[in-house]
Amino acid sequence: MSTPVVGKAAPKFSLLDQNGSTVTLAGLKGRSVLVYFYPKADTPGCTTQACGLRDIASQVGDTVIIGISPDKPAKLKKFDDKYGLGFTLLADEEHAAAEAYGVWVEKSMYGKQYMGVQRSAFLIDATGTVSHAWPKISPKDTPTNLITALAG
């Protein structure tokens, strides 16, 4: 599946959050939503990205921040508690959302091929339309890109 196109409807999802509650994109209609995908909770890059978003959360108004990874809800809860993230983390254990957003890709490390999440972010407007897409985003750029997009 390819990455969502700016100006088109964002792929829907229904996943468990770090507290075991179901969160759907449809349930957030009427609000802007940053959906960002990251490979694994509590690893250096993912921690940098999540803490950067935590640090700007007070500057994004009514925009909802949602992080999605293949981790289990219990691991996401530990990650949230450890860093005081304070935003929704969703467990995509079957990588259905990652596939729908085109970020479940073949990766390579030390010559070994495997499937995993390509770090990416999508800003979805109040109508459920993708307004910005940042495939292959760096952890440090995610908060900056969000602030810039919301200001524009």
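Observations on the model:
- Dividing the summed -39500 (n - 2.57) terms of all DSSP H runs of n ≥ 4 by the residue count of the chain sets its mean residue ellipticity at 222 nm at -7500 deg cm²/dmol.
- Cα point-scatterer Debye curve for the stretch 46-112, base-10 log of I(q)/I(0) at q = 0.18 Å⁻¹: -0.78
- Each Lys and Arg Cβ is given +1 and each Asp and Glu Cβ -1; about its Cα centre, the chain then shows a dipole of about 160 debye.
- Largest-first ellipsoid semi-axes for the chain, taking √(5λ) over the Cα gyration tensor eigenvalues, angstrom: 21, 18, 16
- Within the chain, percent of DSSP bridges classed antiparallel, to nearest 5: 70
- In summary, no helical segment of the chain meets the span-like criteria, namely a full DSSP H run, a Cα extent along the axis of 20 angstrom or more and a mean Kyte-Doolittle hydropathy of at least -1.0.
- Relative contact order (%) - criterion: Cα under 8 Å, at least six apart; region: the chain: 33
- Lys/Arg +1, Asp/Glu -1 at C-beta; the stretch 1-145 dipole; positive extreme among P143, G111, S21: G111
Bear in mind these aren't lab numbers, they're just calculated from the coordinates by the rules spelled out. None of the values given here were measured: they were computed from a predicted structure. Methodologically, a virtual Cβ is constructed for each residue, glycine included, from the backbone with ideal geometry; neighbour enumeration extends over all protein chains shown.
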